[in-house]
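Please read the structure below before turning to the comments.
All of the numbers you see were taken from the coordinates with simple rules; none came from a lab. Nothing here was measured: the structure is a model prediction, and the numbers come from that model. A quick note on method: Cβ atoms are made from the backbone with ideal geometry, for glycine too, and the neighbour counts reach across all protein chains shown.
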2 protein chains.
Amino acid sequence: MVKVIIIGSGNVAQHLIAAFQNPQNLGTEIELVQVFSRQIGSVSQLLDSDHITNDLDTLAEADLYIIAVSDDAIAAISSKLLFKNRLVVHTSGSVPLNALDDNNRKGVFYPLQTFTKNKAVDFRTIPICLESENATDFQLLEKVAKAISDKTFAINSEQRKALHIAAVFVNNFTNHLYQIGQEICLENQVPFEILKPLIAETANKIMLLSPEEAQTGPAKRNDTDTIEAHEAFLSNQNHLTIYKTLTQSIQQNGKKL
Amino acid sequence: MVKVIIIGSGNVAQHLIAAFQNPQNLGTEIELVQVFSRQIGSVSQLLDSDHITNDLDTLAEADLYIIAVSDDAIAAISSKLLFKNRLVVHTSGSVPLNALDDNNRKGVFYPLQTFTKNKAVDFRTIPICLESENATDFQLLEKVAKAISDKTFAINSEQRKALHIAAVFVNNFTNHLYQIGQEICLENQVPFEILKPLIAETANKIMLLSPEEAQTGPAKRNDTDTIEAHEAFLSNQNHLTIYKTLTQSIQQNGKKL
């Protein structure tokens with residue numbers, strides 16, 4: 001049995017705890033033996049209270065400690081662990097492996113997904129990006145990751161940094177474009193609902209086509225009449241700046257090909 | 001029986017023809033009696049050849065003529081119709097109702113979706129935006145639209161223009177962000193596949209949460225360390241400009257609230 005302990009009680013920690021507890025993932029040789037949460041109550045709906053501690057000094061012995069806390073707390077919490085030479089990993093996309101304290105063997109266990117409180121996700125479809133200092137630790141991380149997900153990848157710190165930035169574009173920035181779409185609807189008394197099937201299909205398309213193949217619209221067609229009409233319509237300066245920046249970027253792409 | 005004729009054979013025309021022919025939509029009182037296509041072969045896989053014409057002068061009599069051609073061809077083709085005072089509509093998001101020729105009654109039948117050749121879409125979930133010059137024509141348009149979709153909306157030309165611009169943001173621009181994500185992956189030898197579950201979940205979230213509620217990431221958190229690290233990492237000047245523009249826009253949003 002591989003014993004796992006999760007340190008943290010936020011969004012990522014809660015989704016990880018739920019994944020390890022998921023009945024469909026039982027029968028694997030992985031056991032979540034304990035969770036550290038400053039507030040016992042934050043995770044008590046997920047597992048029995050005798051498996052929860054709010055005292056780092058009482059952490060049980062385990063094969064893997066997963067620190068799932070906010071980026072700026074990772075280094076501090078890893079330096080407060082009393083044991084040595086065990087495998088300690090964090091779950092962040094943007095923190096390097098070496099931010100972890102030297103007292104223990106280091107690794108990364110980064111599930112690349114956006115987690116929403118109280119919204120279940122199918123963890124088996126979530127890519128888990130793994131990194132370790134040696135091959136034996138990597139095998140252990142892979143075994144644990146495969147217990148909850150069908151998609152595991154070996155990703156080093158530099159690649160993970162690139163992935164995290166790419167994720168900002170396809171997730172954070174995309175969501176901000178949804179918000180601008182909503183603002184334009186509100187300003188013109190049109191229900192934002194009308195755009196939702198389009199949003200769903202835009203994401204759907206990318207599962208089958210490359211972004212280049214899926215690209216459509218006035219910028220792609222170099223339809224300057226429509227582009228000028230849109231720019232004249234946009235009274236919000238911020239919307240206009242973003243419209244121009246992204247239109248130019250799509251047009252430059254066309255020239256590259 | 002309401003008789004409908006479709007003029008055009010492109011992407012939108014083909015998906016409309018398929019929707020009217022869909023067995024689940026039979027039993028309604030709508031009949032697609034004819035399709036005009038310059039090349040008979042472009043639509044012959046969708047309906048019997050005796051219902052296809054490549055000669056505008058042989059168009060049958062019908063209650064509704066739907067012109068589904070490229071934006072810049074709508075005015076010309078509407079002026080070539082030999083009959084008068086019938087209901088003629090176009091399917092464009094960006095062309096005003098008045099672009100249609102004065103010889104006939106005008107309207108708009110705009111299905112707001114991105115259509116891909118050879119990729120079926122569930123037309124019943126697609127919002128159809130309707131506009132007409134009078135209430136009787138509107139009722140007819142609504143009857144026809146409801147035969148193929150569960151979502152119909154009365155949208156005037158000004159609102160439609162706003163919707164079309166909002167669609168450029170949530171569809172064309174979003175797809176371009178997917179492309180930048182892919183470029184960053186390629187430059188760093190990371191498979192773009194890893195980002196696809198995140199892309200799907202980002203679109204999924206917006207079905208349940210507002211864009212404001214769904215917004216996460218370094219710009220939202222005002223995490224200047226991460227933002228600076230990302231900006232230092234981006235060697236592609238175009239990616240950097242877009243990163244800065246969208247980050248500032250998200251940060252300004254935070255200040256508004």
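Given H placed on each backbone N at 1.01 Å, which residues far from A:Ser210 in sequence or on other chains put an amide H within less than 5 Å of it?
Under 5 Å from the amide H of A:Ser210: no residue qualifies.
From Cα pairs below 8 angstrom and at least 6 apart in sequence, can you work out the relative contact order of chain B, rounded to a whole percent?
Relative contact order, chain B: 12 percent.
Residues of segment A:189-208 with amide nitrogen under 19 Å from the 7 Å Cα-to-Cβ point of B:Glu142?
A:190-191, A:194
What distance in nm lies between label points placed 7 Å from Cα along the C-beta direction at B:Leu209 and B:Ala76?
So the two model labels end up 4.9 nm from each other.
Each label point is 7 Å from the Cα along the Cα-to-Cβ direction; what then is the distance between the points at B:Gln189 and A:Arg38, in nm?
Distance between label points: 4.0 nm.
From other protein chains only, count the Cβ atoms within 10 Å of every residue's Cβ in A:205-218, then give the mean.
Per residue, the number of nearby Cβ atoms from other chains is 6 on average.
Any idea what angle helix A:237-256 forms with the longest principal axis of chain A, computed on alpha-carbon atoms, 0 to 90 degrees, nearest 10?
90 degrees
Per-residue HN-Hα couplings for segment B:49-56, Karplus 6.51 cos²θ - 1.76 cosθ + 1.60 at θ = phi - 60°, whole Hz, x for Gly and Pro?
Computed from phi, the couplings for segment B:49-56 are 5, 6, 9, 10, 10, 10, 10, 4 Hz.
Hey, got the average number of other protein chain Cβ atoms within 10 angstrom for residues in B:239-245?
Mean number of neighbouring Cβ atoms from other chains: 4.
Using only the Cα atoms of segment B:2-155, build the gyration tensor, take square roots of its eigenvalues as a ≥ b ≥ c, and label the shape rounded, prolate or oblate: rounded if a/c is under 1.5, else prolate if a/b is larger than b/c, else oblate.
Judged from the Cα gyration tensor, segment B:2-155 comes out rounded (a/c under 1.5).
In whole Hz, with x marking every Gly and Pro, tabulate ³J(HN,Hα) for segment A:11-19 from phi via Karplus 6.51 cos²θ - 1.76 cosθ + 1.60, θ = phi - 60°.
Result, rounded to whole Hz: 4, 5, 4, 5, 5, 5, 4, 4, 5.
Which whole-angstrom value gives the distance between the alpha carbon centres of segment A:1-59 and segment A:173-194?
Between the Cα centres of segment A:1-59 and segment A:173-194 lies a distance of 39 Å.
Antiparallel as a % of all DSSP beta bridges within chain B, to the nearest 5? Walk me through the numbers before you get to the answer.
On the way: 5 of 28 bridges.
Close to 20 percent.
Quick check on chain B: helices-only [θ] at 222 nm, where DSSP H runs of length 4 and up contribute -39,500 (n - 2.57) each and the sum goes over total residues. Nearest 500, please.
-12000 deg cm²/dmol
Could you state the angle between the C-alpha long axis of helix B:174-187 and the longest principal axis of the C-alpha atoms of chain B, as a value from 0 to 90 degrees rounded to the nearest 10?
It is inclined by approximately 50 degrees.
Over 23 Å between Cα atoms, which of A:Lys196/B:Lys196; A:Lys3/A:Lys151; A:Lys3/B:Lys196; A:Lys119/A:Lys196 qualify?
In this structure, A:Lys3/B:Lys196 lie more than 23 Å apart at Cα.
On full extension of the chain, what length is gained from B:Asp150 through B:Val2, given 0.36 nm per residue of separation minus the C-alpha to C-alpha distance?
The span from B:Asp150 to B:Val2 would gain 51.5 nm if fully extended.
For A:Gln248 and B:Gln251, what does the FRET efficiency come to when R0 = 22 Å and r is the distance between their Cβ atoms, rounded to the nearest 0.05?
So, using R0 = 22 Å, E works out to roughly 0.50.
What angle, in degrees between 0 and 90 and rounded to the nearest 10, separates the Cα long axis of helix B:157-167 from the longest principal axis of the Cα atoms of chain B?
Between the helix axis and the principal axis of chain B, the angle is about 40 degrees.
From the phi angles alone, apply the Karplus equation (6.51, -1.76, 1.60; θ = phi - 60°) to segment B:200-209 and give each ³J(HN,Hα) in whole Hz, x where the residue is Gly or Pro.
Taking θ as phi minus 60°, the curve returns 5, 6, 4, 6, 4, 4, 6, 6, 10, 10 Hz for segment B:200-209.
Please average, across the residues of B:110-117, the number of beta carbons from any other chain that are within 10 Å of each residue's own beta carbon, and give a whole number.
Neighbouring Cβ atoms belonging to other protein chains average 4 per residue here.
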